[in-house]
Amino acid sequence: MNRSRVRPSSSATVTQTNPDAKHLDVIEPIKLEYVFQIKIDFSERVSFKTPNGRRAYVPAVSGVIEGPRLQGIVVPHSGADYAGNGRLNAHYMLKASDGTMIYINNTGYLYPADNKPIDRNDPSWGGDRDFYFRITPVFDTPIGPHDWLTRTVIVGTGKRHANRSSPAIANRAPAMRKGGIVVTATRMPSARRCT
């Protein structure tokens with residue numbers, strides 16, 4: 001019996017038992033399309049040690065959303081970033097410019113790129129150091145113009161900022177500005193609409 005075999009090498013070969021077999025390099029690479037950016041400000045961090053490591057709760061106090069597919073604000077005090085041991089799990093609400101409420105759950109990773117520990121008592125929360133900051137948010141929205149978010153794979157990269165001075169944010173809550181993030185969201189465009 002003749003079986004297909006793939007040799008482990010950079011140029012894999014397939015025997016001719018299946019004439020429709022294709023090389024793996026035929027798979028189309030993932031393309032990303034910029035959809036929006038979220039700038040979020042935080043005012044406080046509550047941190048505590050657990051048997052599994054350190055946990056932190058950081059409420060979002062303000063924020064803006066800008067981009068070609070989504071504009072609006074982060075609803076103040078609608079949720080928080082629950083970080084622990086390099087893992088990120090943030091839940092909060094967005095309000096689109098048309099008034100639509102959008103739930104977002106950001107999960108991913110956030111840790112210093114140099115792998116050096118952060119001083120948990122540092123009021124700048126690690127300052128403007130480089131961080132590995134990658135997220136995969138999921139959304140829930142009412143049926144309507146923003147429900148594309150509920151059926152689209154979105155990946156994001158982020159940057160932490162200590163005491164950011166974004167005019168759009170500073171005018172909203174200057175007394176609470178202690179730290180923030182900027183997240184750039186990209187999506188994998190679909191060939192057709194999923195229903």
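The values are calculated or read from the model by the stated rules, or taken from the named source; none is laboratory data. Because the structure is predicted, anything quoted here is derived from the model rather than measured. Here Cβ is always computed from backbone atoms with ideal geometry, including for glycine, and neighbour counts include all displayed protein chains.
Within the range 95-113, how many residues turn out to be of a type in the set (Ser, Thr, Tyr) and at positive phi?
Going through the range 95-113 one residue at a time, the tally reaches 0.
Go through (1) closer than 18 Å to Thr157 by Cα; (2) at pLDDT 90 or above; (3) surrounded by 15 or more Cβ atoms within 10 Å (Cβ to Cβ); (4) of a type outside the set (Gly, Ala, Ser) for Pro112 and report which single condition fails.
The one condition Pro112 does not meet is (2).
Residues in the range 14-23: is at least one of a type in the set (S, T, N, Q), at pLDDT 85 or above and out of contact with any Cys (no Cβ under 7 Å at 6 or more places or on another chain)?
No, the range 14-23 contains no residue that is of a type in the set (S, T, N, Q), at pLDDT 85 or above and out of contact with any Cys (no Cβ under 7 Å at 6 or more places or on another chain).
For residues that are more than 25 Å from Pro68 (Cβ to Cβ), surrounded by 14 or more Cβ atoms within 10 Å (Cβ to Cβ) and modelled with pLDDT under 80, tally how many sit in the range 128-162.
Here the count works out to 2.
Select from the range 62-95 the residues that are over 18 Å from Gly156 (Cα atoms) and surrounded by fewer than 22 Cβ atoms within 10 Å (Cβ to Cβ) and list them in ascending order.
Listed by number, the residues that qualify are Val75, Pro76, His77, Ser78, Gly79, Gly84, Asn85, Lys95.
Considering only the range 85-106, how many residues are assigned to a strand (DSSP E or B) and under 26 Å from Phe48 (Cα atoms)?
Counting residues in the range 85-106 that are assigned to a strand (DSSP E or B) and under 26 Å from Phe48 (Cα atoms) gives 10.
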